[in-house]
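The structure appears right after this line, and notes come after that.
The values are calculated or read from the model by the stated rules, or taken from the named source; none is laboratory data. Here the structure is a predicted model, which is why all the values come from computation and not from measurement. Cβ placement follows ideal geometry from the backbone for every residue including glycine, while neighbour counts extend to all protein chains displayed. The accessibility values were calculated without ligands, DNA or RNA, using every heavy atom of the protein model including side chains. Shrake-Rupley method; radii C 1.70, N 1.55, O 1.52, S 1.80 Å.
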Amino acid sequence: MDGFYESFSNEFLPEWNIHLSVVQPGLVNTKYFQQNVILTERHPAYVDPRVATNKILAIVKGEETVDYSPTEPQRSVEVIVDTVTNSVEGLGIPLRLPLGEDAWTAIEHSLKAALEEHEKLKGIAFRASAS
């Protein structure tokens, strides 16, 4: 989705005043999982605790603790409305809007890993251009 929205947003001319924003929430303090998710036995290939879904399930089940607080739903809505209404200085309406300390931290780690991989591929990328 992220890549689609990034590509799609490049098709809008600034004078059209059309903006896309992908909200990237972390944990939100709701009972969604407890009330709506039916947990079934996991396939053996996916039981490793390092799998992202298993990390989230461990937090939801109370088997794992986190050192940050989930966002409150009302506060998340307030931040989204404020950001879209007033924009962000120097950015306008951001294409990506992380919500919560955990979301921001996860995205930061992902970007750092992507940048490290990008740097390692520089030689290969430049080699393709060599004549």
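Here are the numbers for the structure shown:
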{"item": "Neighbour count of at most 14 Cβ within 10 Å plus DSSP loop: longest GluC sites (Glu not before Pro)-free window in the chain", "result": "90-131"}
{"item": "Residues whose placed amide H lies under 5 Å from that of residue 64, excluding near-sequence neighbours", "result": "59"}
{"item": "Mean separation of Cα contacts under 8 Å (6+ apart) over length of the chain, as relative contact order %", "result": "37 percent"}
{"item": "Within the chain, helix-based [θ] at 222 nm, where runs of 4 or more DSSP H residues each add -39,500 (n - 2.57), nearest 500", "result": "-14500 deg cm²/dmol"}
{"item": "Amide H contacts of residue 72 (H built 1.01 Å from N, under 5 Å, at least 5 apart or other chain)", "result": "29"}
{"item": "Residue-level accessible surface for residue 82, protein heavy atoms, 1.4 Å, Å²", "result": "80 Å²"}
{"item": "Within the chain, longest stretch free of exposed chymotrypsin sites (Phe, Trp or Tyr not before Pro) [DSSP loop, at most 15 other beta carbons within 10 Å]", "result": "69-131"}
{"item": "Stokes-Einstein D (µm²/s) once Rh is taken as the Kirkwood radius of the range 55-131 over alpha-carbon pairs, at 10 °C in 1.306 mPa s", "result": "99 µm²/s"}
{"item": "Value in Å of the Kirkwood radius, where the chain supplies the Cα pairs that are averaged", "result": "18.2 Å"}
{"item": "Kyte-Doolittle mean at least -1.0 and Cα axial length at least 20 Å: DSSP H helices in the chain", "result": "101-120"}
{"item": "Built amide H within the under 5 Å cut-off of residue 96, gap 5+", "result": "22"}
{"item": "Fluctuation leader among 37, 88, 66 - the chain, Gaussian network, Cα springs under 10 angstrom", "result": "37"}
